[in-house]
1. Restricting to the stretch 403-428, name every residue that is open to solvent by less than 20 Å² (accessible area, probe 1.4 Å) and either touching a Lys or Arg at 6+ places or on another chain (Cβ under 8 Å) or charged (D, E, K, R) (or both).
2. Please enumerate the residues belonging to the stretch 355-376 that are assigned to a helix (DSSP H, G or I), touching a Phe, Trp or Tyr at 6+ places or on another chain (Cβ under 7 Å) and crowded, with 24+ Cβ neighbours inside 10 Å.
3. Within the stretch 217-238, track down each residue that is in contact with a helix residue (DSSP H, G or I) (Cβ under 7 Å, 6 or more places away or on another chain) and not aromatic (F, W, Y).
4. Given the structure, is P456 out of contact with any Cys (no Cβ under 7 Å at 6 or more places or on another chain), at pLDDT 95 or above, under 22 Å from V212 (Cα atoms) and surrounded by fewer than 24 Cβ atoms within 10 Å (Cβ to Cβ)?
5. Which residues, counting only those in the stretch 277-303, are of a type outside the set (V, I, T) and open to solvent by 50 Å² or more (accessible area, probe 1.4 Å)?
6. Within the stretch 131-250, which helices (runs of 4 or more DSSP H) (wholly inside it) include 2 or more residues that are buried (at least 22 other Cβ atoms within 10 Å of the Cβ), among the β-branched types (V, I, T) and under 23 Å from the mean Cα position of the chain (by Cα)?
7. Among the residues of the stretch 457-484, how many are touching a Gly at 6+ places or on another chain (Cβ under 7 Å) and more than 26 Å from S350 (Cβ to Cβ)?
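The values are calculated or read from the model by the stated rules, or taken from the named source; none is laboratory data. Because the structure is predicted, anything quoted here is derived from the model rather than measured. Here the Cβ positions follow ideal geometry from the backbone for every residue, glycine too, while neighbour counts run over all protein chains shown. Accessible surface areas use protein heavy atoms only, side chains included; no ligands, DNA or RNA. Shrake-Rupley method; radii C 1.70, N 1.55, O 1.52, S 1.80 Å.
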Amino acid sequence: MSRSSRRALRPVAAALTASALVLSGCSGGSGNGSSSSSSQVGSQPSGGSSSASGTAASTAGLQKFYDQKLTWSNCDGVQCAKLTVPIDYANPSGQTIQLAISKVPAKGKAKGSLVVNPGGPGASGYDYGAAADMIVTPTIRESYDVIGFDPRGVGRSAPITCVSDAEMDTMLGVDPTPDDKAEETSVQAEVGKFAQACKDKAGPLLAHVSTVEVAKDVDILRAALGRDKLDYLGFSYGTFIGSTYADLFPKNVGRLVLDGVVPPDVTSDEMNLGQATGFEQATRSYVEDCIAKGNCYLGSTVDAAMKRISDFLKQLDANPLPISGQGPVTKFTEGWATLGLALGFYSRDSWPGLTEALKSAMAGDPNQLMAMANQYASRQPNGAYADNSMQSFYAVSCLDRKASSNLADYEKAAVEFAKQAPTWGRMLAWGSLTCGEWKVPATGKEQPVKAQDAGPILVIGNTRDPATPLAFAQRLAKQLAHGRLLTYDADGHTAYGKSECVNSAVDAYLLNGTLPPEGQVC
């Protein structure tokens, strides 16, 4: 049953987080001010600077959006519909866009609609929801209509595209660990070109793809589904959407499950360092497993094996390997290798494939590791990208969190991060440079969420999650007025679908409102 989300990792150009993209990525972030609720659906945003004024004028301006009825059609085996939302919530009478919605009806009598999001930012929630049998248990499939949606700027929902596929290749292959001023300036210029292209080509939507605005869209979706309360299952960056929603619309919160947490108050530096230490820990876990099985190709001790991986990346930095059959990409660089490695640490199930790919690459054949990088980036071997996920990643992340454009700040961070994460620290220290060069000012504000008037919210964290470390889940659960933390003692990113213990706890909460005991560890 598991269809794991990825991203939240935020490399310089791939923006490895959630700052995630893993990248890579706040409550209290912008949306430019107006309430996205209406008197008819009965709640106003509350709390902090993220909330809107809720004036009668702004409420009246949004009424037509809340009054929508979804018209479902058959689309490739699932039901589909379009939801109209304003580009700018501060000007609801202005331009609009349509969001793509998918629905897989409950197998039994539906007790409600479960809205799902896989993360990113940039991943397709429409496709994720359409794969309902792979992402929720049979118990939940029996009882819930599973609803997916592509957030604004993503996939089928007014997708933001700034550069060609070949130009995206250049971005992803850029040096993630610049060693001197010349290399730093070169990387800064490259990501600056991408940022300028987005400003030139993406139109007015570029300033309005923040997570706060996505959360406001979700409330309109809730109303269009005919639900008084939102039931929601979010993974990785999807937790950012969910917690932001809870802070804006606490009285509309039903049962929220947030798995693999990106806290709304985390700064870019905290996100990058958290991921650096998370991927470092994940790499060590992989190495320990390799050694325990005997005859590990990386060496006989953890330190020696970690050094071999680090040395391999340094070798690629100095001398990329030639590669063919990859469209415009003819050199397998450190940037591409990093993406391939990262994908291998999102799930323990990927470790055997990672071993074969890394062993081959170290022997001079990078094709398998490049295939993993392609999978991470939704890229095909001919150089065509299957979606706009890598481009929309930046558009969302750079609105949500401000970042420095001062190279000296990144130089300092690289030194500090490397002390805690020798393999991943330098690379992820540069992870926010693209946002530092972004041409649209960030509107997010990094501040904690309380969701004081919401009901209990279930927060899940893995002990060895590389992209969203356990400390992030602990942080959010503590901030929420009614958060309950469930810990999964395991490697990999996110927990639901990977453990019967976790599955049972999530299902009991979604179906009956029953929370796991305080301090439960699966």
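1. Listed by number, the residues that qualify are A414, F417, G425, L428.
2. Of everything in the stretch 355-376, those that are assigned to a helix (DSSP H, G or I), touching a Phe, Trp or Tyr at 6+ places or on another chain (Cβ under 7 Å) and crowded, with 24+ Cβ neighbours inside 10 Å turn out to be M370, A373.
3. Residues of the stretch 217-238 that are in contact with a helix residue (DSSP H, G or I) (Cβ under 7 Å, 6 or more places away or on another chain), as a first pass: 218-220, 222-223, 229-232, 234.
Once the filter is applied, which keeps residues that are in contact with a helix residue (DSSP H, G or I) (Cβ under 7 Å, 6 or more places away or on another chain) and not aromatic (F, W, Y), the stretch 217-238 yields V218, D219, I220, R222, A223, K229, L230, D231, G234.
4. On the way: out of contact with any Cys (no Cβ under 7 Å at 6 or more places or on another chain): yes; at pLDDT 95 or above: yes; under 22 Å from V212 (Cα atoms): yes; surrounded by fewer than 24 Cβ atoms within 10 Å (Cβ to Cβ): yes.
Yes.
5. Step one: filter the stretch 277-303 for residues of a type outside the set (V, I, T), giving 278-282, 284-286, 288-290, 292-300, 303.
Q281, R284, E288, A292, K293, N295, S300, D303, listed by residue number.
6. Details: elements: 132-135, 138-143, 165-172, 181-201, 211-224, 237-248.
Output list reads 211-224, 237-248.
7. 4
Yes or no, residue by residue, for (1) more than 22 Å from S432 (Cα to Cα); (2) acidic (D, E):
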residue: T244; (1), (2): no, no
residue: D269; (1), (2): no, yes
residue: Q275; (1), (2): no, no
residue: Y286; (1), (2): yes, no
residue: T301; (1), (2): yes, no
